[in-house]
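Here the structure comes first, spelled out in C-alpha cells, and everything after it is commentary.
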Amino acid sequence: MIQNYQDAMAICKWARCPDAFVIFIYNPQWPKIKKVLLLGHQPQDQLDLVTRVFKIKLKELINDIHKKHIMGCTIAGFYVIEFQKRGLLHAHILIFFVENYKPHMVKDVDRMISVEFLNPETNRLAHETVARCMMHGPCGVAFLNARCMEDGKCKKNIHASSNPRW
C-alpha cells in the first residue's frame, strides 16, 4: 500500500494536479450478476462473483478513458478500490489530461459531462436505469408504495413530493 501511495504521488509530481475525479460504483442490479446468481442468493452472498464482474467493468471503463479517450486524451491516471461496510465496491479514479484537453472553463467541463433523460420509446433500458438509480420520488402520502416509504414517511427525509427529484 505504501508503494502504491508513493507511485501515485510520483505521478502527481510529474503530471501536476489531477484534472478529473470519477467514482465508479458497483450496482447489485447489473444483469451479468443477477443472471448467474445461485437460486435464492443475493449479490452479497456471492462476493467472488460480484468482485469479478466489478473488476471486468472497471477495466472496460479504464480502457474507454485511457485508450478510447472518451473524455479526452490522457497522460496518466490511477484508481483505488474501496469496499463499503455493506459490501458495495466502488473505485475512486483520478485522471490527468494532455494539456489541450485540460478543462479550464465551464464549457470544457460541459464537454466531458452530460446528463440526459433518454426517450423510453427509443432507449427503454437506459431510461429505466436512470429512473430507478438516479431519481428519487415521487413519494409521500399519495405514494405510500414507493421504495423509500416506511411507516408513512420517506426514509430519505425528503418532504413529500409528487415530482421526481435528482
request  = Please find, among K68, K57, the residue that is under 14 Å from the mean Cα position of the chain (by Cα) and modelled with pLDDT of 90 or more.
outcome  = K57
remark   = Result of the Cβ filter at 7 Å on the range 97-114, keeping first residues that are assigned by TED's automatic domain parsing to the domain that holds C17 and partners that are surrounded by 11 or more Cβ atoms within 10 Å (Cβ to Cβ) and assigned to a helix (DSSP H, G or I), at least 6 apart or interchain, is P103/V109; P103/M112
request  = Within the range 97-113, work out how many residues are loosely packed, with under 14 Cβ neighbours inside 10 Å, over 28 Å from R132 (Cα atoms) and among the basic types (K, R).
outcome  = 1
ask   = Are there any pairs with C-beta distances below 9 angstrom linking a residue in the range 123-147 that is assigned to a loop (DSSP other than H, G, I, E, B) and of a type in the set (A, V, I, L, M) to a residue that is surrounded by 13 or more Cβ atoms within 10 Å (Cβ to Cβ) and modelled with pLDDT of 75 or more, with the two at least 6 apart or on different chains, and if so which?
value = A146/P138; A146/C139; A146/G140; A146/C154
note = Inside the range 114-140, the number of residues satisfying the requirement of being modelled with pLDDT of 80 or more and either surrounded by fewer than 12 Cβ atoms within 10 Å (Cβ to Cβ) or touching a Lys or Arg at 6+ places or on another chain (Cβ under 9 Å) (or both) is 5
key: Extreme residue, surrounded by the most Cβ atoms within 10 Å (Cβ to Cβ), among residues of the range 64-85 that are outside any strand (DSSP E or B) and out of contact with any helix residue (DSSP H, G or I) (no Cβ under 9 Å at 6 or more places or on another chain)   = I65
key: Failed criterion for Q44 (all others in (1) loosely packed, with under 15 Cβ neighbours inside 10 Å; (2) out of contact with any Leu (no Cβ under 9 Å at 6 or more places or on another chain) hold)   = (2)
query = Can you tell which of L49, L94, L88, L61 is free of Cβ contacts under 8 Å to residues at least 40 places away in the same chain, in the same structural domain as C12 (by TED's automatic domain parsing) and either surrounded by 18 or more Cβ atoms within 10 Å (Cβ to Cβ) or out of contact with any helix residue (DSSP H, G or I) (no Cβ under 7 Å at 6 or more places or on another chain) (or both)?
reply = L61
note = Scanning the range 2-37 residue by residue, the ones that are outside any strand (DSSP E or B) and of a type in the set (A, V, I, L, M, F, W, C) total 13
key: Conditions (1) under 30 Å from F97 (Cα atoms); (2) surrounded by fewer than 11 Cβ atoms within 10 Å (Cβ to Cβ); (3) not aromatic (F, W, Y): number failed by L38   = (1)
ask   = What are the residues in the range 1-31 that are surrounded by 12 or more Cβ atoms within 10 Å (Cβ to Cβ) and either farther than 23 Å from M112 by Cβ or hydroxyl-bearing (S, T, Y) (or both), if any?
value = Y26, P28, W30
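The values are calculated or read from the model by the stated rules, or taken from the named source; none is laboratory data. Since this is a predicted model, take the numbers as computed values, not measurements. Don't worry about glycine lacking a Cβ; one is built from the backbone with ideal geometry, like all the others, and counts go over all protein chains shown.
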